[in-house]
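The values are calculated or read from the model by the stated rules, or taken from the named source; none is laboratory data. Please read all numbers here as calculations on a predicted model, not as lab measurements. Note that we place each Cβ from the backbone using ideal geometry, even for glycine, and neighbour counts take in every protein chain shown. SASA here: full protein model, heavy atoms, side chains in, ligands and nucleic acids out. Shrake-Rupley method; radii C 1.70, N 1.55, O 1.52, S 1.80 Å.
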Amino acid sequence: MARKKIALIGAGQIGGTLAHLAGLKELGDVVLFDIAEGIPQGKGLDIAESAPVDGFDAGYKGTQSYEDIKGADVIIVTAGVPRKPGMSRDDLIGINLKVMKSVGEGIKQYAPKAFVICITNPLDAMVWALQKFSGLKPNMICGMAGVLDSARFRHFLADEFKVSVKDVSAFVLGGHGDDMVPLVRYSGVAGIPLPDLVKMKWTTQERLDAIVERTRKGGGEIVNLLKTGSAFYAPAASAIAMAESYLKDQKRVLPAAAALKGQYGVKDMFVGVPVVIGAKGVERVVKIRLNGAEKEMLAKSVASVQGLIDACKSIDASLA
Ligand code: APR
């Protein structure tokens with residue numbers, strides 16, 4: 001059986017980490033595309049030279065030509081600019097929308113059947129625009145945010161409870177912004193929901209509220225520490241989990257920014273919801289029951305995403 005092909009559009013901090021992880025997990029051969037000459041070639045060669053040490057087989061090719069993504073099974077998009085301290089994800093919209101247009105055209109021409117995972121921010125609006133520019137089927141494109149936001153939530157919870165991260169599950173819904181919706185009722189330790197853990201005095205409501213808030217601002221916390229860019233290890237790990245679920249038909253249930261056709265009362269938008277990812281792409285959107293307060297939080301998050309989509313439409317008339 002021929003190896004799978006993974007194309008990475010953008011070979012910056014996240015792109016390089018994705019390339020390394022894809023090799024370590026032997027997901028397939030990797031093509032790194034970037035407009036910066038030498039960067040994808042250099043990173044590809046460097047990682048290929050680590051393969052004999054770590055003992056994995058994967059081909060690496062760096063390129064400035066979209067033709068090289070031809071036949072890709074999975075494409076992960078990180079092309080664009082990350083934020084710096086003081087910036088919100090939304091401040092990136094002008095530059096990154098133009099980048100999505102060129103990436104979308106490249107995908108349309110050379111890999112229209114690929115499963116595409118977008119990471120570029122502001123995520124929910126960029127994945128929406130990328131679907132329009134590329135013409136991909138809506139089930140074959142999604143955005144990576146929920147796995148990352150949930151992983152941050154899980155890390156903070158495991159730290160609070162002094163238990164293994166493996167036994168902590170968490171769901172974060174909504175847009176990838178500060179009004180995302182960490183779902184406390186559906187998160188917990190080994191099947192015990194967080195509200196019960198508060199009753200069991202594993203933590204207090206105040207401490208749990210602070211963890212929820214830290215999760216919402218998790219990306220900004222890293223930006224403020226790094227000062228030169230944004231998070232890349234956890235975002236890359238999260239997208240690799242999604243790619244692996246597609247490539248191996250694992251049918252994992254993961255939160256992702258998916259095209260909604262009326263689910264959760266949302267249409268023609270990509271918003272973070274639980275989905276099943278398997279060989280057919282986003283195979284199912286999981287509809288969970290939300291209470292009044294959760295519905296309200298989701299509506300607020302959806303309204304923020306709608307605002308970003310409206311901004312995209314006013315910047316690029318072809319999207320209107
Ligand atoms: N086509 C291809 N690559 C591009 C383009 C383009 N039109 N424009 C920029 N790039 C490349 C840059 O040359 C750079 O190598 O995208 C890469 C982005 O890498 P970084 O600046 O290191 O950013 P990174 O931390 O990887 O984040 C990428 O993901 O999480 C989001 O907010 C983040 O939008 C940002 C994206």
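Here are the numbers:
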quantity: Furthest towards positive pole of dipole, CYS312, LEU21, GLY229, structure part the chain, Cβ charges; calculated: CYS312
quantity: Residue-normalised accessible area of the chain, given per residue in Å² at a 1.4 Å probe; calculated: 45 Å²
quantity: Only Lys, Arg (+1) and Asp, Glu (-1) charged, at Cβ; the chain dipole about Cα centre in debye; calculated: 780 debye
quantity: The chain - Rg over Rh from alpha carbon coordinates, Kirkwood radius; calculated: 0.96
quantity: With every protein chain in place, region 45-102: carbon and sulfur % of accessible area (1.4 Å); calculated: 51 percent
quantity: Rounded to 5, percent antiparallel among DSSP beta bridges of the chain; calculated: 50 percent
quantity: On Cα atoms only, tilt of 146-161 relative to the major axis of the chain in degrees; calculated: 50 degrees
quantity: Inverse mean reciprocal Cα-Cα distance (Kirkwood Rh) of region 266-320, Å; calculated: 13.2 Å
quantity: Cα-only Debye scattering, region 11-99: base-10 log of I(q)/I(0) at q = 0.12, 0.16 Å⁻¹; calculated: -0.40, -0.67
quantity: Mean Cβ neighbour count within 10 Å, used as a protection proxy, ranking 76-86, 146-156 highest first; calculated: 146-156, 76-86
quantity: Solvent-accessible area, 1.4 Å probe, carbon plus sulfur percent, for region 146-314; calculated: 55 percent
quantity: Set of lysines with alpha-carbon distance to LYS101 below 17 Å, sequence-local pairs under 8 removed; calculated: LYS132, LYS137, LYS313
quantity: Exceeding the 29 Å Cα-Cα cut-off - candidates LYS113/LYS267; LYS113/LYS251; LYS70/LYS280; LYS5/LYS287; LYS70/LYS166; calculated: LYS5/LYS287; LYS70/LYS166
quantity: Gain upon complete extension [LYS280, ASP54; 0.36 nm per residue less C-alpha separation]; calculated: 78.2 nm
quantity: Cα long-axis angle, helix 292-315 against the chain (0 to 90 degrees, to the nearest 10); calculated: 30 degrees
quantity: Anchor LYS162: lysines whose Cα lies under 28 Å away (excluding residues fewer than 8 positions away in-chain); calculated: LYS199, LYS201, LYS217
quantity: Normalised alpha carbon radius of gyration of region 106-223 [divisor 2.2 N^0.38 Å]; calculated: 1.27
quantity: Cα Rg, Dmax (largest Cα-Cα span) when computed across region 203-320, Å; calculated: 16.8, 51
quantity: Normalised contact order of region 146-314, rounded percent, pairs of Cα under 8 Å and 6 or more residues apart; calculated: 23 percent
quantity: Alpha-carbon centroid distance for the pair region 235-269 / region 1-59, whole angstrom; calculated: 23 Å
quantity: All Cα pairs of region 57-119, percent lying beyond 18 Å; calculated: 43 percent
